[in-house]
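Reading through the structure tokens given below for one structure.
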Amino acid sequence: MSAFQLQRLGILMEPEHGNPMEIEGVLNPAAVRGPDGELYLFPRLVAKGNYSRIGIARVKFNDIGDPVGVERLGIALEPAADYERLSDGGGGCEDARVTFVEPLRHYLMTYTALSSCGPRIALAISEDLFHWERIGLASFEPYECIDFVGVDNKDASVFPVAIPNHNGKLQLALLHRPLFPGTLPEDIACKNAPRIVDRDHESIWISYCPMPSTGLTPHHLGLFNSHHRLATPVSDWEKLKIGGGTPPMMTRHGWLILYHGVSKAESVGEVRKLHYSAGVMVLSKEHPQEIRYRSVHPVLTPELPEERHGIVSDVVFPTGIDRRDDLGCKSRFDVYYGMADKRIGVARLDVPEFLPLGAAADPPAVECEALHVKD
């Protein structure tokens, strides 16, 4: 096998008929193995007015081990804190990722909290996946001319083990995607003239939080105070925007993540449509701020009717991943993804024996340098 192979396994979850909490979609789930070895999803459940909760469901498998359905188990989080609520009573807890963080000995959930300040990265912890305690919003120190605190931020996930930062210190590492003003794909798609990709402001970032060797508590995480630009748009299929997807999972080649990229789709009248696809990125095991492999072409694009038509058309959005250790297949990963912001699909990703050649990597990192891209 010479390339990453991905095979759709089917639709796993759709809005439940008659359930008002799911009337506007079931999408973008976290996926994680529980203490009992079972696989649990944490889907975003969208009620009327884009009011989002994070549910919990147990995955059902068939005789050969493929996921085929879910058992709904209730709500993990719903808007309650000030940073999750809008002034009109709306709000949202959205797009969770869940990782068991070994140094903390807890599950850590990163999710998007929607308030009148905009979307921000929020954190919650659990010992058993059924009882969650909010930690609050992730906090960041400024980085040179970049302030992560006052801007929208999404698509966050953490590594399951302590990761060496640029100085070699073992710390909690966070992948995130600040949404600086003017960098939304909806904004960029409206510009017909050649544009400049700001390699700082249109990037996936990796940031680090100190982890003391003694007195470590999961309830009081510190500031993320060490930042590194990880990846910025390169290929045509992602040139409007890239963002994080699944949490990092270890493979024979390094840390695997699936990420999303946005490009233009065919316009309908004056409406400029967007096209969300998914690619693969492999980060160095020893120094995960270094990219070993990155997709030249997407591994998943909207093709099925359920991926092309829904609440938001032409979207595949991976957020959950499960390494199939239970089947003895350490190179098989099941990827759970949002379909047109309405349903949840699952696909099988097989990691090749060797990394493919000719991977598209970022240009050499040069601070404050701009890369020109033509629409």
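The values are calculated or read from the model by the stated rules, or taken from the named source; none is laboratory data. Note that the coordinates shown come from a computational prediction; the quantities given were computed from them, not determined experimentally. Backbone-built Cβ (ideal geometry, glycine too); neighbour counts: all protein chains shown. For the accessible areas, the whole protein counts, side chains as well, though only heavy atoms, and no ligand, DNA or RNA atoms are used. Shrake-Rupley method; radii C 1.70, N 1.55, O 1.52, S 1.80 Å.
Listing for the model above:
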{"item": "Once exposed loop chymotrypsin sites (Phe, Trp or Tyr not before Pro) are cut out (DSSP; at most 16 other Cβ, 10 Å), longest piece of the chain", "result": "131-353"}
{"item": "Surface accessible to a 1.4 Å probe, per residue, for the residues of the stretch 5-151, Å²", "result": "44"}
{"item": "Loop GluC sites (Glu not before Pro), the stretch 283-348, which have at most 16 other Cβ atoms in a 10 Å radius of their Cβ (DSSP)", "result": "GLU286, GLU290, GLU303"}
{"item": "Value of relative contact order over the stretch 111-174, rounded to a whole percent, pairs C-alpha under 8 Å and six or more apart", "result": "24"}
{"item": "Those lysines that a straight Cα-Cα span of less than 28 Å connects to LYS169, excepting residues fewer than 8 apart in one chain", "result": "LYS154, LYS285"}
{"item": "Choice from GLY136, GLY168, GLY92 showing the highest fluctuation, given a GNM over the chain with Cα pairs closer than 10 Å", "result": "GLY168"}
{"item": "Of all accessible heavy-atom area on the chain, the percent that carbon and sulfur account for (1.4 Å)", "result": "51"}
{"item": "Under the Karplus curve 6.51 cos²θ - 1.76 cosθ + 1.60, θ = phi - 60°, whole-Hz ³J(HN,Hα) for the stretch 94-104, x wherever Gly or Pro sits", "result": "10, 6, 6, 10, 10, 9, 7, 8, 4, x, 8"}
{"item": "Qualifying lysines (Cα of each under 16 Å from Cα of LYS239; at least 8 residues distant if same chain)", "result": "LYS191, LYS264, LYS273, LYS374"}
{"item": "At most 16 other Cβ within 10 Å, DSSP loop - trypsin sites (Lys or Arg not before Pro), the stretch 24-75", "result": "LYS48"}
{"item": "Shape category assigned to the chain from the gyration tensor of Cα positions, a/c cut at 1.5", "result": "rounded"}
